[in-house]
Amino acid sequence: MTAAAPLVSRAALVRKVGGPFTLEDVDVAAPRQDEVRVKMVATGMCHTDLVARDGFPVPLPIVLGHEGAGIVESVGPGVTHLKAGDHVVLSFDSCAACPSCGDDQPAYCFNFLAHNFSGVRPADGTTALSQKGQTVHGNFFGQSSFGTYAVAHARNTIKVDNSVELALLGPLGCGIQTGAGAVVNSLKLKKGQSLAIFGGGAVGLSALLGARAVDAGMVIVVEPNAARGKLALELGATHVINPKETEDVLAKIKELGGGGVTHAVDTTGIPAVIGVAVETMLPNGMLGLIAVPPPDALLPANMMSMLMRGVGVKYITEGDADPQTFIPQMISWFKAGKFPFDKLIKKFPFDQINEAAHASEDGSAIKPVLIF
């Protein structure tokens, strides 16, 4: 079914750099060719939403949000794999036409910025959102899910199993996908191999969940927050190192790992931490970098040390994931009891979006999820 008219959505707008989110009514147009209009059930809040709110260059006013989960309300022409009533998770967008997309690597789409951060449809500069005839920017990560309705695209709308609570699933579209995918897809961690994870936030703990889903061996989490360290142990970490209480984190990892670990992941973006992470790896190891670093940061690695061990460093986007296949994979692990990502989630009513943002910033919530 194709919608015939706009719908009114209650959405959270950012009107000036630094926020706050303001709840306002906006019109959401009917889906166009290859688009999908979704009635939102829940949406996760990701660090990238806050970065965009606080100055990453996106046009204002804008509706952010990019970890949406909901029910298809209508589809536009050309959409064949989805229909009204389907349960869906929304993920990042891609152009479907560049070499990376053609190689099933949408996370490295040559047109990633235009399709996820421009605030408009890249093809013609339009947006599905408006207010009293005035443009409201949307299409953030191809969705702008901080509203009761969102318009997404067929390629970044993933049909999911309707036997799983839909309100939980939004974060699979970005943050959890990024952490788990970094380990499973990017580093290709194998059964029995070891891993050090620097940072026990949503992405780091998702990396831990990914490692456990593929039956990794030793997994060490380096995290200064005691509560998060405790949760890491509950989720399957073999060891937690508190850097505030450990004089030499590198020496401790080498001690625990019999010389080091086969793989490492940094989710902090802190150069000094990355410098330690590079040195933790055994020969032929690989370090995955996920977090956004300071703009002028340089990689603090000793090249001779890397040469002698043959180790590598890779920056990772969206967990190297193709959402159409990896999101169903994570749900399958969850149903099998191997991927308890629900333990990372704290729910907030949508009208408490600013409180959820604050909880994300002060660390009192690992993964806030807004419920509509």
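May I ask you to list the residues in the stretch 334-356 that are acidic (Asp, Glu) and either over 12 Å from PHE372 (Cβ atoms) or free of Cβ contacts under 8 Å to residues at least 40 places away in the same chain (or both)?
The answer is ASP342, GLU355.
When GLN134 is tested against (1) in contact with a Ser or Thr (Cβ under 9 Å, 6 or more places away or on another chain); (2) without any contact (Cβ under 8 Å) to a residue 12 or more places away in the chain, only condition (1) is not met. When THR22 is tested against the conditions (1) touching a residue at least 40 places away in the same chain (Cβ under 8 Å); (2) in contact with a strand residue (DSSP E or B) (Cβ under 7 Å, 6 or more places away or on another chain), the lone failure is (1). Is the stretch 219-230 home to any residue that is touching a residue at least 60 places away in the same chain (Cβ under 8 Å) and not hydrophobic (A, V, I, L, M, F, W, C)? Within the stretch 219-230, one or more residues are touching a residue at least 60 places away in the same chain (Cβ under 8 Å) and not hydrophobic (A, V, I, L, M, F, W, C). If we keep just the residues of the stretch 261-280 that are in contact (Cβ under 8 Å) with a residue 40 or more places away in the chain and within 15 Å of GLY310 (Cα to Cα), which is nearest to the chain's Cα centre (by Cα)? Within the stretch 261-280, the match that is nearest to the chain's Cα centre (by Cα) is ALA264. Within the stretch 196-214, the residues that satisfy the criterion of being out of contact with any Lys or Arg (no Cβ under 9 Å at 6 or more places or on another chain) and over 23 Å from LYS254 (Cβ atoms) are VAL203, GLY210.
Candidates in the stretch 123-152 are the residues that are hydrophobic (A, V, I, L, M, F, W, C) and in a loop (DSSP other than H, G, I, E, B); of these, the one that is farthest from ALA52 (Cα to Cα) is ALA123.
When you look at ALA196, is it in a strand (DSSP E or B) and more than 29 Å from ILE62 (Cα to Cα), yes or no?
yes
Among the residues of the stretch 163-222, the one identified as on the phi > 0 side of the Ramachandran plot and acidic (Asp, Glu) is ASP215.
Being in contact with a helix residue (DSSP H, G or I) (Cβ under 7 Å, 6 or more places away or on another chain), in the same structural domain as LEU129 (by TED's automatic domain parsing), closer than 20 Å to GLY173 by Cα and of a type in the set (Phe, Trp, Tyr) holds for only one residue in PHE92, PHE21, and it is PHE92. Go through (1) in contact with a His (Cβ under 6 Å, 6 or more places away or on another chain); (2) surrounded by fewer than 20 Cβ atoms within 10 Å (Cβ to Cβ) and name the single condition THR127 misses. Of the numbered conditions (1) in contact with a His (Cβ under 6 Å, 6 or more places away or on another chain); (2) surrounded by fewer than 20 Cβ atoms within 10 Å (Cβ to Cβ), the odd one out for THR127 is (2). Going through (1) modelled with pLDDT of 95 or more; (2) in contact with a helix residue (DSSP H, G or I) (Cβ under 9 Å, 6 or more places away or on another chain); (3) surrounded by fewer than 24 Cβ atoms within 10 Å (Cβ to Cβ) one by one, LYS188 falls short only on (2). Taken over the stretch 266-295, the criterion of being outside any loop (DSSP other than H, G, I, E, B) and β-branched (Val, Ile, Thr) is satisfied by VAL273, ILE274, VAL276, VAL278.
The values are calculated or read from the model by the stated rules, or taken from the named source; none is laboratory data. Note that the structure is predicted; figures quoted are calculated from it, not measured. Here the Cβ is made from the backbone with ideal geometry for all residues, glycine too, and neighbour counts use every protein chain on show.
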